[in-house]
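We did not get these values from a lab; they are worked out from the coordinates using the rules stated. Everything numeric here is computed off the predicted structure, so don't read it as measured data. FYI the Cβ positions are ideal-geometry reconstructions off the backbone, even for glycines, and counts take in every protein chain you see.
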Amino acid sequence: MTPRPAEAGKSAAAAQAVEPLAIVCGGGVLPVLVARKVAESGRPVVLFPLRGFADPAFVSSYRHHWMALASYGRFCRLMRAEGCRDLVVIGALVRPALRELRLDWGTLRVLPRIARAFRGGDDHLLTGVAEFLEDDGFRLVGAHQVCPDILVGGGPLGARQPSTRDAEDIAIGMRLLAATSPFDIGQAVVVADRHVLAVEGIEGTDAMLARVAALRAEGRIRAPKGRGVLVKAPKLSQDRRLDLPTIGPRTVEGVATAGLAGLAVAAGGVILAEPQDAARKADAAAIFVVGVEGAA
């Protein structure tokens, strides 16, 4: 008997729920968080930690296969052997030079596509990777799709809220990030008293905040301490399955060290690691962390 459409849909959803989820793990705490939440939901997970990036102490708690960054052929074989079709890519990575990669035969098969993907910014590279994964029958899933509660919601995270002056700086920062999105530059900016102090580049958010702190120490920033906002949002056209911006306790510490009033992110468009610790650190430093609705 042919199942009715509704029954077929339920069967497909049930099958997907019991299929193992593959998690390609970079550095930091986010792979730990995602693996734990998915496993607690009852779905098996198989980790593919990347050598030189993932934390061995966390990986040992789950079924796993250590991977070199360019072992695509081995990755495909293991994915199929484990019965995995869906995969999440999560965690910190440093983009390597193409010449630094040690390629296996499966990677050589897609080398022309990899080379083309490397000729551009991070969004271009990640989109290229996603395309040949899907061409090989795998389904790329965003971490936020399997763990929706890792995203920043609307409103303040801790006890403090932005002032009217801060709100003006936030609006300028969001507009600037929207304007620079087509150039695949960065996902964060610092604005104080309507003056753009720094735009994130290849160095990342933490290093940008350290640069702001150094400029303030040198007397190059005229706004008094306690003024200015770090604003962070995803690029308008980026593939959110691969590269959502992230904040956490370390970001809060960087904002405080840079002498800023707080941190604002696009609600629903930024991952928050360790929210309780981030809120505690924000309150202790008397800075705000807020999700801005309608900015993602």
* Structure fact -> Once amide hydrogens are built 1.01 Å from N within the peptide plane, the residues lying 5 or more places from residue 86 or on another chain with amide H under 5 Å from its amide H are 22, 139
* Simple Cβ-charge dipole of region 151-292, Lys/Arg +1 and Asp/Glu -1, about Cα centre, in debye nearest 20 -> 320 debye
* Structure fact -> Projecting the Cα atoms of 157, 188, 213 onto the charge dipole of region 133-237, where Lys and Arg contribute +1 and Asp and Glu -1 at Cβ, the residue farthest towards the positive end is 213
* Asked: If you place +1 on the Cβ of every Lys and Arg and -1 on the Cβ of every Asp and Glu, how big does the dipole about the Cα centre of region 171-228 come out, in debye to the nearest 20?
  -> 380 debye
* Please label the shape of region 165-204 as rounded, prolate or oblate, based on the square roots a ≥ b ≥ c of the eigenvalues of the alpha-carbon gyration tensor (a/c under 1.5 means rounded; beyond that, a/b larger than b/c means prolate, else oblate). => oblate
* Structure fact -> Under the Karplus relation with 6.51, -1.76 and 1.60 and θ = phi - 60°, whole-Hz ³J(HN,Hα) for region 216-226, x at Gly and Pro, equal 5, 5, 7, x, 7, 9, 7, 5, x, 4, x
